[in-house]
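Engineer: Input: one structure, supplied below.
Just so it is clear, none of the values below were taken in a lab; they were calculated from the coordinates. As the structure is a prediction and not an experimental result, all values here were calculated from the model. Counting neighbours? That spans all protein chains shown, and the Cβs are built from the backbone with ideal geometry, glycine included.
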Amino acid sequence: MSSSPSSLHLAVALDGAGWHPAAWREPVARPRELFTARYWADLVAEAERGLLDFVTIEDGLGLQSSHPLEPDDRTDQVRGRLDAVLIAARVAPLTRHIGIVPTVVATHTEPFHLSKAIATLDHVSTGRAGLRVQITARQSEAAHFGRRPVPHITAPDDPLARESVAALFDEAADYVEVVRRLWDSWEDGAEIRDTATGRFIDREKLHYVDFESPHFSVKGPSITPRPPQGQPIVSALAHGTVPYRLVARSADVGYVTPHDSGQARAIVEEIRTEQAAAGRAGELLHVFGDLVVLLDDDPAEAVARRERLDALAGYEYTSDARIFAGTPAQLADLLQELASAGLSGFRLRPAVAGHDLPAITRELVPELQRRGVFRQTYEADTLRGLLGLARPNSRYAATATAPAGA
Amino acid sequence: MSKPLKQIHLAAHFPGVNNTTVWSDPQAGSHIEFSSFVHFAKTAERAKFDFLFLAEGLRLREQGGKIYDLDVVGRPDTFTVLTALAAVTEHLGLTGTINSTFNEPYEVARQFASLDHLSDGRAAWNVVTSWDAFTGENFRRGGFLPQGERYSRAKEFLQTAGELFDSWQGDEILADQRTGAFLRDAKAGAFTHSGQHFDIEGQFNVPRSPQGRPVIFQAGDSEEGREFAASTADAIFSRYATLKEGQEFYTDVKNRLAKYGRHADQLKILPAASFVLGDTDAEAEELAREVRRLQVSGATAIKHLEFVWNRDLSAYDPDGPLPDIDPDPGEHTLARGRAQVRMYRDPVATAREWRERAAANNWSIRELVIETGNRQGFVGSPATVAATINDFVQADASDGFILVPHITPGGLDGFADTVVPLLQERGVFRTEYEGTTLRDRLGLAHPDAGAAGERAAS
């Protein structure tokens, strides 16, 4: 077994009052403030206090549901949410170091709009933006747009569902490709302000992206100049070969859901194989493990809290990700063990935002710092910098260097 | 008793991607860095302005098949930058121009409702329509609409968005930790819309925002545009900044309100206006001439002439005489992605008139464009400009102005420091923000979702 990596990356996934469906019932929750700027600003400030790499913000084009494919008509869980890109924009000026990664749905939206929105988030945060791309196969959400029929899927595993979801992931890959091309469509230094010739830009440094696919065609260039990071971070959650391929082709960070080290090793191996097949073998591609966490000083207390929350919800909460209930030190052990299987970081989903997020920033982080596997201070000004990713040149920049003095 | 003085509404238009904006001035800053937007917004808020206004264009302008490079190029995403500005201001309204052709109602309604929540009730939407295939090339839905359909789509878009905003009444969220009831009703946000352009149904997922609906602006000037505004809008962004034209427009539009059961106060008319201030009127006139020269470089003058001639005139000397050849009468294809080209309805007659004026005054191409193009709206000392603005508003030529500075980001600073205090002394402009929402500041009622719902059902 390989030795533990010296440094882990840590993100938290923010969603409403927390990931447990009964999180909003906890006294520490602020369920009446979920639609206010103050609530989100407080959560992101707490994450930044813990020196985390970034936060992700969940989103969707319909009401939340406990059913994967249909509305559930429940009234006892949090329903309704604000646009994640706009929450990100609202908190960006209030923070200085932490990356901000909203979820965006590729299925019914315009890549041109989304590309400039994330480029602008990168401008307003001076280089801390990213996105988490997501698809939706829900018929109810397609009906909110009314633009195209979506097959009615009743179970995620039937062949029609597999085919339909695979097509949506293909479309998402095209979507990310367009978004990335548009970010590069203005080369660095395109703005010249040359008073002698009266030219504000050097238009030779602006490029049509001319993307065409069965799903859409986009001309470009973007209306928004190249973002500070050049390429903001692209990330995706993946549970199988089809989405692993999207991560391998298109992402800087993939979130995966292994339940033990063996699974983690197998998933990382599959993603690395796909990465090589996509011609990205030499590139830094982070694979983060997702975990739902309930943290207390006494392990029995964490387990009891989970049981109490399940009782309030009326059923045992399960998740795609492993649910961890224990002490911060036990979680640190688990993270180091999973990291040794090839994960370079983790996206933790606080079961109760008001409780488990401070437990991450004030207890887990110091524990990881004592073990020498987490930063003591923010070491970079951009999200790419925090993730060890260099700032890339525009793909459209001429590779040949003009001779000096020419 | 004399008629009470009208209160003036003022807004700040972030300098745009056209030649009003002087980027060559040594004081001109970035048009994309957030610090410029913060500076501009904070000046507007310090001066107690009603709102900040952002324009939008979804394809870079081209001329002669090449990206137009003489003006400022590049702008942020409207929703993202406005929402970020909500973090650094407390009272200033945030008005975004959003196209109804290249968007879908569910998404735009989510974004405006989110902006309204995240700004505590300061969102406004300038609804514009577009129909050109040129811009449509950037969008998956394409975008070509027959010209006649653009208002019908815009109307239905706005109506549909209104149904989505009203799909939450405001009392659905109980969040009762004791009983475990988060929602009062599982059907919160339910909507069905079936029309010519949109056929959608489901549940809207953003609860009712502080203003209920964003303030709605309309900018079109055609007969259809005026009627659209009179039936639906809360405010008009107009282009009539002379007293007589302003009064005619004002009277025309306000008179259309009654047939929609609306009162004259329910639609604010706010023309765009540029300005140049000096210590004295004479100094301001001198500065205005200099600003005009900076706005019209030799290269800009040639490009401007091409709008009329519809020909490549790059071989002409801007400091020389006007072309002898006549404009190309064919379809205008030279300049794309801008509105000005439609202003010259008879290019041959315009060219003849310009040649005659240039010859009579011994003007070069550049001098002709400087003299015939857009003049500065308000030019004078702070006292003169304050008096002129007040006269316009009291004479019902407008309800206020959307001011367009020519320098980013500091172009509003002088106005804030010198003109605003004079308007406040006259008792025609607020000294403190009133109410909590943009609707409160504009004197507009908050829409009642319940009443709207009943109307829709009846």
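Engineer: Residues with amide H under 5 Å of B:ASN126's amide H, sequence separation 5 or more or different chain, H placed in the peptide plane at 1.01 Å from N; which?
Structural biologist: Residues meeting the amide H criterion: B:GLY96, B:THR97, B:ILE98, B:PHE217.
Engineer: Among the lysines, which have Cα under 22 Å from the Cα of B:LYS259 when same-chain residues fewer than 8 positions away are ignored?
Structural biologist: B:LYS155, B:LYS268
Engineer: So, in nm, how far is label B:ASP317 from label A:ALA304 when the simple model puts each one 7 Å beyond its Cα toward the Cβ?
Structural biologist: Inter-label distance under the simple model: 9.4 nm.
Engineer: Oh, and also: Can you sort A:GLU70, A:GLU316 so the residue with the fewest Cβ neighbours within 10 Å comes first? Display every interim value, and only then the final one.
Structural biologist: Working: A:GLU70 15, A:GLU316 11.
Taking fewest neighbouring Cβ atoms as first place, the list is A:GLU316, A:GLU70.
Engineer: Oh, and also: As an exercise, find the ratio Rg/Rh for region A:192-301 from alpha-carbon atoms, using the Kirkwood inverse-distance average for Rh.
Structural biologist: On the way: Rg = 21.0 Å, Rh = 17.7 Å.
Using only Cα positions, Rg/Rh for region A:192-301 is 1.19.
Engineer: Taking square-rooted eigenvalues a ≥ b ≥ c of the alpha carbon gyration tensor, is region B:58-105 rounded, prolate or oblate, where a/c under 1.5 means rounded and, failing that, a/b exceeding b/c means prolate? Spell out each step's value before the answer.
Structural biologist: Values: a/c = 3.74, a/b = 1.76, b/c = 2.12.
It is oblate, given that a/c is not under 1.5 and a/b is not larger than b/c.
Engineer: Further, regarding this structure: Each residue of region B:45-60 in order: what ³J(HN,Hα) in whole Hz does its phi give by Karplus 6.51 cos²θ - 1.76 cosθ + 1.60, θ = phi - 60°, with x for Gly and Pro?
Structural biologist: With coefficients 6.51, -1.76 and 1.60, one gets 6, 4, 7, 6, 4, 5, 7, 9, 10, 10, 7, 8, x, 9, 8, 4 Hz.
Engineer: Right, another one. Please compute the average number of Cβ atoms from other chains found within 10 Å of each residue's Cβ in peptide B:195-203.
Structural biologist: Across the residues of B:195-203, the mean count of other-chain Cβ atoms within 10 Å is 4.
Engineer: What pairs in A:LYS219/B:LYS303; A:LYS116/B:LYS66; B:LYS254/B:LYS303; B:LYS48/B:LYS254; A:LYS116/B:LYS42; B:LYS42/B:LYS254 have C-alpha atoms more than 31 Å from each other?
Structural biologist: Values: A:LYS219/B:LYS303 24 Å; A:LYS116/B:LYS66 21 Å; B:LYS254/B:LYS303 38 Å; B:LYS48/B:LYS254 26 Å; A:LYS116/B:LYS42 24 Å; B:LYS42/B:LYS254 33 Å.
Result: B:LYS254/B:LYS303; B:LYS42/B:LYS254 exceed 31 Å.
Engineer: In Å, what Rg and Dmax follow from the Cα atoms of chain B?
Structural biologist: Every Cα atom of chain B included, Rg and Dmax give 23.3, 85 Å.
Engineer: Turning to a different aspect of this structure: Determine, for B:TRP125, B:TRP309, the number of other Cβ atoms within 10 Å of each Cβ, and report the residues in order from fewest to most.
Structural biologist: Least to most surrounded, the residues fall as B:TRP309, B:TRP125.
Engineer: FRET efficiency for A:ARG162 and A:ARG362, Cβ-Cβ distance as r, R0 = 35 Å, nearest 0.05?
Structural biologist: The computed FRET efficiency comes out at 0.20.
Engineer: How large is log10 I(q)/I(0) at q = 0.11, 0.14, 0.26, 0.28 Å⁻¹ when the Debye formula is applied to the Cα atoms of region B:297-372, each weighted equally and without solvent?
Structural biologist: -0.23, -0.39, -1.38, -1.55
Engineer: Amide H neighbours of B:LEU313 under 5 Å, counting only residues 5+ apart in sequence or on other chains, H built in-plane at 1.01 Å?
Structural biologist: Here nothing satisfies the definition.
Engineer: Add +1 for every Lys or Arg and -1 for every Asp or Glu among the other residues with Cβ under 12 Å from the Cβ of A:GLU46, and state the total.
Structural biologist: Counting the neighbours of A:GLU46, the net charge comes to -1.
Engineer: Sticking with this one: Once label points are set 7 Å from the Cα along Cα→Cβ at both B:ASP396 and A:ARG391, what is their separation, rounded to one decimal in nm?
Structural biologist: 5.7
Engineer: Once you sort the root eigenvalues of the Cα gyration tensor of region B:33-136 as a ≥ b ≥ c, which label holds: rounded (a/c under 1.5), prolate (a/b larger than b/c) or oblate (the other case)?
Structural biologist: Cα axes put region B:33-136 in the oblate bin.
Engineer: Between A:GLU212 and A:ALA276, what is the label-point separation in nm under the 7 Å Cα-to-beta-carbon projection?
Structural biologist: Simple spin-label model gives 3.5 nm for this pair.
Engineer: Excluding A:HIS259 itself, what net charge comes from residues whose Cβ is under 11 Å from its Cβ, given Lys and Arg +1 and Asp and Glu -1?
Structural biologist: After counting each charged neighbour, the total is -2.
Engineer: Looking only at A:SER213, A:SER340, A:SER235, which one moves most when chain A is put into a Gaussian network model with springs between Cα atoms under 10 Å?
Structural biologist: A:SER213
Engineer: What is the packing order of peptides A:386-398, B:399-411, taking the mean over residues of other C-beta atoms within 10 Å and listing the highest first?
Structural biologist: Listed from highest to lowest mean packing, they are B:399-411, A:386-398.
Engineer: Still on this structure, please answer the following. Residues in region A:178-221 near a label at B:ALA299, defined as backbone nitrogen under 13 Å from the 7 Å Cα→Cβ point?
Structural biologist: A:191-205
Engineer: Roughly how crowded by other chains is peptide A:195-208, in terms of the mean Cβ count from those chains within 10 Å of each of its Cβ atoms?
Structural biologist: If you average over the peptide's residues, the count of other-chain Cβ atoms is 5.
Engineer: Quick one: Karplus J couplings for region A:231-247, per residue in order, coefficients 6.51, -1.76, 1.60, θ = phi - 60°, nearest Hz, x for Gly and Pro?
Structural biologist: 10, x, 6, 10, 9, 7, 8, 9, 10, x, 4, 4, x, 4, 5, 4, 4
Engineer: Under 5 Å between amide H atoms, partner at least 5 residues away or on a different chain: which partners does B:ALA190 have, H built in plane at 1.01 Å?
Structural biologist: It is B:PHE204, by chain and number.
Engineer: Kindly put A:TRP183, B:TRP131, A:TRP19 in sequence by how many other C-beta atoms sit within 10 Å of each C-beta, fewest to most.
Structural biologist: Least to most surrounded, the residues fall as B:TRP131, A:TRP19, A:TRP183.
Engineer: A follow-up question, please. What would the Debye formula give as log10 I(q)/I(0) at q = 0.16, 0.31 Å⁻¹ for the alpha-carbon point model of region A:66-113, no solvent?
Structural biologist: -0.70, -1.16
Engineer: Leaving out same-chain residues fewer than 8 places away, which aspartates and glutamates sit with a Cα under 12 Å from that of B:LYS6?
Structural biologist: Correct list for B:LYS6: B:ASP265, B:ASP391, B:ASP396, B:ASP399.
Engineer: So how do B:36-44, A:156-164, A:27-35, A:10-18 stack up, highest first, on mean other-Cβ count within 10 Å?
Structural biologist: In descending order of packing, they fall as A:10-18, B:36-44, A:27-35, A:156-164.
Engineer: Return one number: the angle in degrees, 0 to 90 and rounded to the nearest 10, between the long axis of the Cα atoms of helix A:261-277 and the longest principal axis of the Cα atoms of chain A.
Structural biologist: Taking the Cα atoms of chain A, the angle to A:261-277 is about 10 degrees.
Engineer: Let me have the 222 nm mean residue ellipticity of chain A computed from DSSP H runs of 4+ only, each contributing -39500 (n - 2.57), with the sum over all residues rounded to the nearest 500.
Structural biologist: -10000 deg cm²/dmol
Engineer: Another one. Across peptide B:170-179, how many C-beta atoms of other chains are within 10 Å of each residue C-beta, on average? Show your work: numbers first, answer last.
Structural biologist: On the way: counts 0, 0, 3, 7, 3, 10, 4, 9, 1, 2.
Whole-number average of other-chain Cβ neighbours for B:170-179 is 4.
Engineer: Please compute the contact order of region A:197-261 in relative form: average sequence separation of alpha-carbon pairs under 8 Å and at least six residues apart, divided by the residue count, as a percent.
Structural biologist: 21
Engineer: For chain A, find the longest principal axis of its Cα atoms and tell me its angle to the long axis of helix A:299-313, 0 to 90°, nearest 10.
Structural biologist: 80
Engineer: Which whole-number percent is the relative contact order of region B:297-372 (Cα, under 8 Å, 6+ apart)? Intermediate results must be reported in sequence, preceding the final value.
Structural biologist: On the way: 84 pairs, mean separation 30.5, N = 76.
Relative contact order of region B:297-372: 40 percent.
Engineer: Taking the inverse of the average 1/r across all pairs of different Cα atoms in the protein assembly as shown, what Kirkwood radius in Å do you get?
Structural biologist: With all distinct Cα pairs of the protein assembly as shown included, I get 28.8 Å.
Engineer: Given the alpha-carbon gyration tensor of region A:1-96, what are the semi-axes of its equivalent ellipsoid in whole angstrom, ordered largest first, with each equal to the square root of 5 times an eigenvalue?
Structural biologist: 26, 19, 14
Engineer: Moving to a separate point now. For A:HIS97, what is the net charge nearby, where nearby means another residue's Cβ is under 9 Å from its Cβ and Lys, Arg count +1, Asp, Glu -1?
Structural biologist: 0
Engineer: Between the helical axis of A:159-184 and the dominant principal axis of chain A, each derived from Cα atoms, what acute angle in degrees is found, rounded to the nearest 10?
Structural biologist: Roughly 50 degrees between the two axes.
Engineer: When only Cα pairs under 8 Å and 6 or more residues apart are kept, what is the percent relative contact order across chain A?
Structural biologist: Values: 778 pairs, mean separation 92.7, N = 406.
Here the relative contact order equals 23 percent.
Engineer: Starting with the highest mean, order B:165-171, B:116-122 by the number of other Cβ atoms within 10 Å, averaged over the residues of each peptide.
Structural biologist: So the peptides B:165-171, B:116-122, ranked by packing, come out B:116-122, B:165-171.
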